[in-house]
Amino acid sequence: MNGAAFRDDACVDPAIVRHAVEVLLRGGLVAFPTETVYGLGADADQPHAVAAIFHAKGRPKAHPLIIHVSNAEAVDRWARHIPEPARVLMRRFWPGPLTLVLPRSARANDLLTGGQDTVAVRCPANAWAQSLLAGLCEARGEPSAAIAAPSANRYGRISPTRAAHVRTDLGEKPTGVVDFIIDGGECALGIESTIVDFAAGATRILRPGSIGRPEITAAIGEPVQIAPDAGPTPRVSGRVSGHYAPSKPMELVAPDAIAARVRALRPLALAVLAPPERLADLGAPNLVLCIAAAGTPQEYAHALYDQLRRLDASAARRLLVALPPGEEAWEAVLDRLRRAAAGSEGQIIDAD
Ligand code: TXA
Ligand code: MG
């Protein structure tokens, strides 16, 4: 998988991009689509603008941001050293849904890095994101200009995959906190980028994503591990166990235990996300919303955050989500679901 798959140059409006670049230049915040989720962007070289991101999201200052660059050459200005496996991954997967954690250069200020000695960089494939980066580089006369951007949601909540999600969560000024929201339609992939860390010498996956462990292992020619969670003060905010969370308690339930769980919770109002064949025989009066889960990991990821938001916005008091298969291809989706359940103070109900 690489960037070419998520390009849709036809829909980019240059006038909208020009306006967004002006907003970035004067230190404002622009929400923009990427192939993963919407980002809340600021010019990475303007500390005041970067500080505004934390304020807008309610995000703790120690949680570092990803900086988005328009090509691999720009990374040399943000990282002081690029290990060979990192170069291999950039060539193979950029532009695309892959973030690299590298030793930072002096240009990567403390706000971007959370005061750490590393910086996270990614080159997005989405045509709007690429145009915005190109416009910023041109306006600044600086080919390595970058956009610092976390996902454009309130801290800890579900990431946005549509402009409407950003409007609901953060809103546009004067009533909201974002200076300008670019509506580039639905994000192609739907979950955040895979994060690969090279800083500790070994290559480790800090956050699984659409580019899976087998693809990364094949590209660099050595096995890659998923780093264990870092405890209460992680370097990756997406690794806090309660992340990507709905506001209502959410339970992950083995598919063959769903019907019994729905009955057991009666009369509590419930919303359910499960494979279509599991929904067919539920028919309980306490079900206020049933959503059919997609059958492949790609389709599931694409729809996931929108579906979680719909479950959360329903009249249900509790959300039940059928556990997807445990195979490696579902690793990223499972990671997000487990964190969402933990963040909502929900639980995991096994079949037995
Ligand atoms: O797909 C994505 O990566 C999206 C789009 C907008 O690009 N961005 C995104 O950003 O998910 P955010 O901030 O929601 O998640 C980025 C993750 C955070 O968990 C952050 O802690 C981690 O990257 N991160 C940033 N810098 C890091 C560093 N130096 N070391 C380890 N983790 C880092
Ligand atoms: Mg996020």
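Can you tell me which residue in region 154-200 is farthest from Ala120 (Cα to Cα), limited to those that are basic (Lys, Arg) and assigned to a loop (DSSP other than H, G, I, E, B)?
The selected residue is Lys173.
Being near ligand 1 (Cβ under 10 Å from one of its atoms) and touching a helix residue (DSSP H, G or I) at 6+ places or on another chain (Cβ under 8 Å): is that true of Leu102 here?
Working: near ligand 1 (Cβ under 10 Å from one of its atoms): yes; touching a helix residue (DSSP H, G or I) at 6+ places or on another chain (Cβ under 8 Å): yes.
Yes, satisfied.
Right, His63: modelled with pLDDT under 95 and at negative phi or not? Spell out how you get there, then give the answer.
Numbers: modelled with pLDDT under 95: yes; at negative phi: yes.
Here the answer is yes, as His63 does meet what is asked.
If the Cβ limit is 9 Å and pairs must be 6+ apart or interchain, which residue in region 1-21 that is polar (S, T, N, Q) pairs with which residue that is at pLDDT 55 or above and open to solvent by 70 Å² or more (accessible area, probe 1.4 Å)?
Correct list of pairs: Asn2/Arg92.
Among the residues of region 94-109, is there at least one that is of a type in the set (Val, Ile, Thr), out of contact with any Phe, Trp or Tyr (no Cβ under 8 Å at 6 or more places or on another chain) and within 16 Å of ligand 2 (Cβ to nearest atom)?
Step one: of region 94-109, the residues of a type in the set (Val, Ile, Thr) are 99, 101.
This time we only want the ones that are out of contact with any Phe, Trp or Tyr (no Cβ under 8 Å at 6 or more places or on another chain), so: 99.
Filter once more, so that each one left must be within 16 Å of ligand 2 (Cβ to nearest atom): 99.
For region 94-109, residues of a type in the set (Val, Ile, Thr), out of contact with any Phe, Trp or Tyr (no Cβ under 8 Å at 6 or more places or on another chain) and within 16 Å of ligand 2 (Cβ to nearest atom): present.
Among the residues of region 166-191 satisfying the criterion of being open to solvent by less than 10 Å² (accessible area, probe 1.4 Å) and within 12 Å of ligand 1 (Cβ to nearest atom), which is farthest from the chain's Cα centre (by Cα)?
Val166
Identify, from the list Ala340, Ala316, the residue that is closer than 30 Å to His63 by Cβ and outside any strand (DSSP E or B).
The match here is Ala340.
One line per residue, one yes/no per condition, for (1) in contact with a strand residue (DSSP E or B) (Cβ under 8 Å, 6 or more places away or on another chain); (2) modelled with pLDDT of 95 or more; (3) more than 16 Å from ligand 2 (Cβ to nearest atom); (4) of a type outside the set (A, V, I, L, M):
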site: Leu252; (1), (2), (3), (4): yes, yes, yes, no
site: Ala259; (1), (2), (3), (4): no, no, yes, no
site: Leu273; (1), (2), (3), (4): yes, yes, yes, no
site: Ala303; (1), (2), (3), (4): no, yes, yes, no
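Confirm whether Pro64 is surrounded by fewer than 24 Cβ atoms within 10 Å (Cβ to Cβ), in contact with a strand residue (DSSP E or B) (Cβ under 9 Å, 6 or more places away or on another chain) and within 24 Å of Arg213 (Cα to Cα). Step through it out loud before you land on a result.
Details: surrounded by fewer than 24 Cβ atoms within 10 Å (Cβ to Cβ): no; in contact with a strand residue (DSSP E or B) (Cβ under 9 Å, 6 or more places away or on another chain): yes; within 24 Å of Arg213 (Cα to Cα): yes.
In short, no.
Answer with yes or no whether Ile216 is away from ligand 1 (no atom under 12 Å from the Cβ), open to solvent by less than 30 Å² (accessible area, probe 1.4 Å) and at pLDDT 95 or above. It would help to see each step written out before you state the result.
Values: away from ligand 1 (no atom under 12 Å from the Cβ): yes; open to solvent by less than 30 Å² (accessible area, probe 1.4 Å): yes; at pLDDT 95 or above: yes.
So Ile216 passes the test.
Please go through region 197-222 and give me each residue that is touching a strand residue (DSSP E or B) at 6+ places or on another chain (Cβ under 8 Å) and of a type outside the set (A, V, I, L, M, F, W, C), ordered by number.
Asp197, Thr203, Arg204, Arg207, Pro208, Gly209, Ser210, Gly212, Arg213, listed by residue number.
For region 241-264, which residues satisfy the criterion of being part of a loop (DSSP other than H, G, I, E, B), farther than 20 Å from Asp306 by Cα and open to solvent by less than 30 Å² (accessible area, probe 1.4 Å)? Outline the logic, then answer.
Of the residues in region 241-264, the ones part of a loop (DSSP other than H, G, I, E, B) are 241-244, 246-249, 254.
So of that shortlist, the ones also farther than 20 Å from Asp306 by Cα come out as 241, 254.
Matches in region 241-264: Ala254 only.
Applying the selection to region 132-165, what residues are within 16 Å of ligand 2 (Cβ to nearest atom) and open to solvent by less than 20 Å² (accessible area, probe 1.4 Å)? Walk me through it before giving the result.
The first filter runs over region 132-165 and keeps only residues within 16 Å of ligand 2 (Cβ to nearest atom), leaving 147-162, 165.
Listed by number, the residues that qualify are Ile147, Ala148, Ala149, Pro150, Ala152, Asn153, Gly156, Ile158, Ser159, Pro160, Thr161, His165.
If you go through region 317-324 one residue at a time, do you hit one that is open to solvent by 40 Å² or more (accessible area, probe 1.4 Å) and modelled with pLDDT of 95 or more?
yes
Among the listed residues Ala129, Ala56, Ala86, identify the single one that is more than 16 Å from ligand 2 (Cβ to nearest atom), open to solvent by less than 10 Å² (accessible area, probe 1.4 Å), in contact (Cβ under 8 Å) with a residue 40 or more places away in the chain and not in a strand (DSSP E or B).
Ala86
Yes or no: Ala15 out of contact with any Ser or Thr (no Cβ under 8 Å at 6 or more places or on another chain), open to solvent by 30 Å² or more (accessible area, probe 1.4 Å) and at pLDDT 95 or above?
The answer is yes for Ala15.
The values are calculated or read from the model by the stated rules, or taken from the named source; none is laboratory data. It should be emphasised that the depicted structure is a prediction, and the values quoted were computed from it without experimental measurement. Cβ: placed from backbone, ideal geometry, glycine included. Neighbour counts: every protein chain shown. Side chains included, ligands, DNA and RNA excluded: accessible areas come from the protein's heavy atoms. Shrake-Rupley method; radii C 1.70, N 1.55, O 1.52, S 1.80 Å.
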